[in-house]
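Enquirer: Please see the structure below; I have some questions.
The values are calculated or read from the model by the stated rules, or taken from the named source; none is laboratory data. All values reported here derive from a predicted model rather than from experimental measurement. All Cβ positions, even for glycine, are placed from backbone atoms using ideal geometry, and neighbour counts span all protein chains on display. Protein only, heavy atoms only, side chains kept; ligands, DNA and RNA dropped before computing areas. Shrake-Rupley method; radii C 1.70, N 1.55, O 1.52, S 1.80 Å.
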Amino acid sequence: MRIFHRTLVASAIALCAVPAVHAQELIVGFTRDADTLDPANHRNRETETIIRNIYDGILTRSSDMQIHPEIAESYTQVSPTVYDFTIRSGITFHDGSSLTIEDVKFTLDRIVQEGGMGNGQSSPRASLMGPVESVEILDDTTIRISLSEPWPLLPAMLPHQQIVSRAHVDAVGSDGMATQPMGSGPFRLADWRRGDSVVLERFDDYYGGATGIPEAGPACVERVIFQVIPESASRVAALLSGDVHIINELPPHSMNQVNNSPNAQVMAVNGTRSFFLAMNNQGEIFDDVLVRQAVAHAIDRDLIIDRILGGTATTIDGILSPDAFGKNHDLPSYAYDPDRSRELLAQAGYPDGISITLDTEGALRDTAEAIASLLTNAGITTRVQVGEGTLLTQKWRTQGGAKEGDMYLSSWGNSTLDPFDIFVPTHRTDDRGNSAGYANPELDALLDEAGVELDRDRRAALYQQAEALVNADVPYIYLWVPQDLYGVSTRISNWSPSPDSRINLHRACLN
């Protein structure tokens with residue numbers, strides 16, 4: 001089963017006018033707790049989901065992936081390297097103080113400047129701001145962002161940066177920001193029980209958020225609780241019992257159970273995370289393209305999608321999602337053919353096959369075991385080794401440093417659906433997400449050129465050329481992009497999931 005389009009699939013919950021506000025709690029059964037509540041000090045989608053309901057950004061993204069002004073009233077691209085943003089008046093932080101142009105500049109400087117967070121600490125989100133060179137106040141309502149080179153991705157990346165109060169940061173410090181958030185978003189922190197829940201209460205003076213989202217004004221529900229429920233079966237049980245109203249990461253095997261219940265349904269949206277096998281191109285085995293091609297022919301991706309993912313994914317033959325800008329839709333596919341795998345291994349000097357270890361995280365164990373079985377059947381004897389995520393990242397994403405493993409089952413998110421923030425980190429020589437250790441100067445040149453190209457057609461053509469190049473080199477085995485699955489109570493209205501995985505509850509209602 002292959003489903004891939006921009007519209008939501010499964011049962012879509014109809015939008016409704018926001019009813020009169022009652023004392024209601026909307027509870028989200030969530031896979032993990034926040035790492036921090038400081039918008040500048042994390043690189044985690046789940047953390048951003050919680051933060052996003054406390055803070056607003058200069059721009060935002062709606063569930064159809066369109067960019068809209070939020071704290072900004074409008075913006076203009078003055079030149080290839082200069083953007084001006086006009087900030088709304090009348091926005092207040094949760095303590096009642098006014099949001100000013102100085103707060104906007106302070107927030108961006110805190111992210112992009114080296115040591116900008118204080119005590120010599122730099123924001124881990126700095127790379128999300130690309131070649132931002134300076135942030136300048138032009139007048140009481142206008143901020144100018146200047147780039148060191150053209151970067152058409154800037155508007156798409158700004159929804160990932162939330163505006164903080166300079167006075168509040170000065171008062172509590174960066175350490176205090178981790179647990180004492182104070183934003184201008186629809187909810188403010190009421191209580192954070194580490195490992196258990198994040199409790200938010202409605203901010204009645206909320207200005208309303210993005211102009212692209214209707215019914216501006218305070219949130220519909222009085223309280224939002226992100227209840228931490230890591231175990232999938234427990235999240236599903238909580239949804240079906242009515243104890244929670246939305247759950248993320250619904251397992252595909254639970255879809256029928258949810259859809260057949262009287263009080264919940266499945267909502268699905270095309271995801272933005274590409275899954276792949278990174279082969280150690282620096283090692284003695286996978287430095288040979290014939291061996292890499294042998295692996296590609298050994299994996300029946302459709303079988304795994306059907307049996308393990310419940311048909312809720314689509315295959316990919318390059319790193320980009322089929323929905324991404326600049327996707328090459330004419331890439332050759334490495335068809336499942338274990339006999340061809342053995343032939344290629346023999347040509348590479350391995351007539352008796354090879355033995356390797358496949359690293360992965362615990363959440364992907366079942367998928368890794370299925371892949372290992374298919375590889376073993378094709379003469380690539382594979383042992384699965386499960387490790388902790390942080391340690392695997394340190395082992396595989398070495399930014400040019402030596403790699404010790406053979407193969408790594410992992411993924412990379414692309415919330416903007418722009419190639420820049422997935423293609424560059426995973427494929428450019430020595431970049432931060434290049435877990436294959438792949439190095440190709442021709443590809444680097446294409447990615448560099450595309451990154452500053454302002455003509456959309458020319459830029460798309462460059463990325464299509466880049467995907468064709470790596471499809472031939474096959475440094476990774478490109479697997480699939482899954483749909484994001486949510487279980488949603490039939491009491492919820494005015495909410496739909498977003499491909500960027502964030503759960504924005506600004507307008508969500510509980511009937």
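Enquirer: Return the residues of the stretch 416-470 that are within 21 Å of the chain's Cα centre (by Cα), more than 25 Å from Ser333 (Cβ to Cβ) and of a type in the set (Ser, Thr, Tyr); say none if nothing qualifies.
Expert: Residue satisfying the conditions is Thr416 alone.
Enquirer: Look at Arg2 and say whether it is of a type in the set (Lys, Arg) and modelled with pLDDT of 95 or more. Working first, answer last.
Expert: Values: of a type in the set (Lys, Arg): yes; modelled with pLDDT of 95 or more: no.
Taking the combined requirement at face value, the residue does not satisfy it.
Enquirer: Further, regarding this structure: What is the number of the single condition among (1) free of Cβ contacts under 8 Å to residues at least 40 places away in the same chain; (2) of a type in the set (S, T, N, Q); (3) assigned to a loop (DSSP other than H, G, I, E, B) that Asn328 does not meet?
Expert: In the conditions (1) free of Cβ contacts under 8 Å to residues at least 40 places away in the same chain; (2) of a type in the set (S, T, N, Q); (3) assigned to a loop (DSSP other than H, G, I, E, B), Asn328 misses (1) alone.
Enquirer: Confirm whether Ile492 is β-branched (Val, Ile, Thr), open to solvent by less than 20 Å² (accessible area, probe 1.4 Å) and more than 22 Å from the chain's Cα centre (by Cα).
Expert: So Ile492 passes the test.
Enquirer: Name the one entry in Ile143, Ile137 that is farther than 30 Å from Pro230 by Cβ, buried (at least 17 other Cβ atoms within 10 Å of the Cβ), modelled with pLDDT of 95 or more and in contact with a strand residue (DSSP E or B) (Cβ under 8 Å, 6 or more places away or on another chain).
Expert: Ile143
Enquirer: When the residues of the stretch 362-389 are narrowed to those that are open to solvent by less than 80 Å² (accessible area, probe 1.4 Å), outside any loop (DSSP other than H, G, I, E, B) and not hydrophobic (A, V, I, L, M, F, W, C), which ends up nearest to Leu479 (Cα to Cα)?
Expert: Thr367
Enquirer: A further question follows. If you scan the stretch 412-432, which residues turn out to be farther than 24 Å from Ile67 by Cβ and either open to solvent by 10 Å² or more (accessible area, probe 1.4 Å) or in contact with a Ser or Thr (Cβ under 7 Å, 6 or more places away or on another chain) (or both)? Before you say what the answer is, go through the steps one by one.
Expert: At the first step, the residues of the stretch 412-432 found to be farther than 24 Å from Ile67 by Cβ are 427-432.
The answer is Arg428, Thr429, Asp430, Asp431, Arg432.
Enquirer: Same structure again: Check Glu249, Glu284 and return the single one that is under 26 Å from the mean Cα position of the chain (by Cα), among the charged types (D, E, K, R) and part of a loop (DSSP other than H, G, I, E, B).
Expert: None of the other options fit; the residue is Glu249.
Enquirer: What do you reckon, is Ser355 over 20 Å from Tyr476 (Cβ atoms) and either open to solvent by less than 30 Å² (accessible area, probe 1.4 Å) or hydroxyl-bearing (Ser, Thr, Tyr) (or both)? Let's see the steps before the verdict.
Expert: Values: over 20 Å from Tyr476 (Cβ atoms): yes; either open to solvent by less than 30 Å² (accessible area, probe 1.4 Å) or hydroxyl-bearing (Ser, Thr, Tyr) (or both): yes.
In short, yes.
Enquirer: If Gln227 passes every condition in (1) modelled with pLDDT of 95 or more; (2) open to solvent by 20 Å² or more (accessible area, probe 1.4 Å); (3) out of contact with any Gly (no Cβ under 6 Å at 6 or more places or on another chain); (4) closer than 19 Å to Arg193 by Cβ but one, which one does it miss?
Expert: If we test Gln227 against (1) modelled with pLDDT of 95 or more; (2) open to solvent by 20 Å² or more (accessible area, probe 1.4 Å); (3) out of contact with any Gly (no Cβ under 6 Å at 6 or more places or on another chain); (4) closer than 19 Å to Arg193 by Cβ, just (3) comes out false.
Enquirer: Can you tell me which residues in the stretch 462-476 are of a type outside the set (S, T, N, Q) and open to solvent by 10 Å² or more (accessible area, probe 1.4 Å)?
Expert: Those that are of a type outside the set (S, T, N, Q) and open to solvent by 10 Å² or more (accessible area, probe 1.4 Å): Ala468, Leu469, Ala472, Asp473.
Enquirer: Given the residues Ala237, Ala268, Ala296, which is the only one that is small (Gly, Ala, Ser), closer than 30 Å to Ala402 by Cα and out of contact with any helix residue (DSSP H, G or I) (no Cβ under 6 Å at 6 or more places or on another chain)? First the steps, then the outcome.
Expert: Values: Ala237 fails: closer than 30 Å to Ala402 by Cα; Ala268 fails: closer than 30 Å to Ala402 by Cα.
Every option except Ala296 fails the conditions.
Enquirer: Tell me, yes or no, whether the stretch 78-85 has at least one residue that is buried (at least 19 other Cβ atoms within 10 Å of the Cβ) and of a type in the set (A, V, I, L, M).
Expert: Looking for residues that are buried (at least 19 other Cβ atoms within 10 Å of the Cβ) and of a type in the set (A, V, I, L, M), one finds none in the stretch 78-85, hence no.
Enquirer: Every residue in the stretch 433-452 that is open to solvent by 10 Å² or more (accessible area, probe 1.4 Å) and among the hydrophobic types (A, V, I, L, M, F, W, C), please.
Expert: Ala439, Ala445, Leu446, Val452, listed by residue number.
Enquirer: Find the strands (runs of 3 or more DSSP E) located wholly in the stretch 73-176 whose residues include 2 or more that are out of contact with any Phe, Trp or Tyr (no Cβ under 9 Å at 6 or more places or on another chain), and list them.
Expert: Hits in the stretch 73-176: 82-87, 132-139.
Enquirer: For the stretch 26-56, give me the residue count where each residue is surrounded by 22 or more Cβ atoms within 10 Å (Cβ to Cβ), of a type outside the set (S, T, N, Q) and not in a helix (DSSP H, G or I).
Expert: Adding up the residues that qualify gives 13.
Enquirer: In this structure, is Glu201 surrounded by fewer than 22 Cβ atoms within 10 Å (Cβ to Cβ), of a type in the set (D, E, K, R) and within 29 Å of Asn414 (Cα to Cα)?
Expert: no
Enquirer: Now a separate question. Could you tell me whether Asp103 is in contact (Cβ under 8 Å) with a residue 40 or more places away in the chain and closer than 21 Å to Leu138 by Cβ?
Expert: For Asp103, the condition - in contact (Cβ under 8 Å) with a residue 40 or more places away in the chain and closer than 21 Å to Leu138 by Cβ - is met.
Enquirer: Taking Phe187, is it within 22 Å of Gly90 (Cα to Cα), modelled with pLDDT of 95 or more, open to solvent by less than 20 Å² (accessible area, probe 1.4 Å) and hydrophobic (A, V, I, L, M, F, W, C)?
Expert: It is true that Phe187 is within 22 Å of Gly90 (Cα to Cα), modelled with pLDDT of 95 or more, open to solvent by less than 20 Å² (accessible area, probe 1.4 Å) and hydrophobic (A, V, I, L, M, F, W, C).
Enquirer: Here is a follow-up. Look through the stretch 146-171, keep the residues that are touching a helix residue (DSSP H, G or I) at 6+ places or on another chain (Cβ under 6 Å) and open to solvent by 60 Å² or more (accessible area, probe 1.4 Å), and return whichever of them is farthest from Asp500 (Cα to Cα).
Expert: Among those residues, the one meeting the criterion is Arg166.
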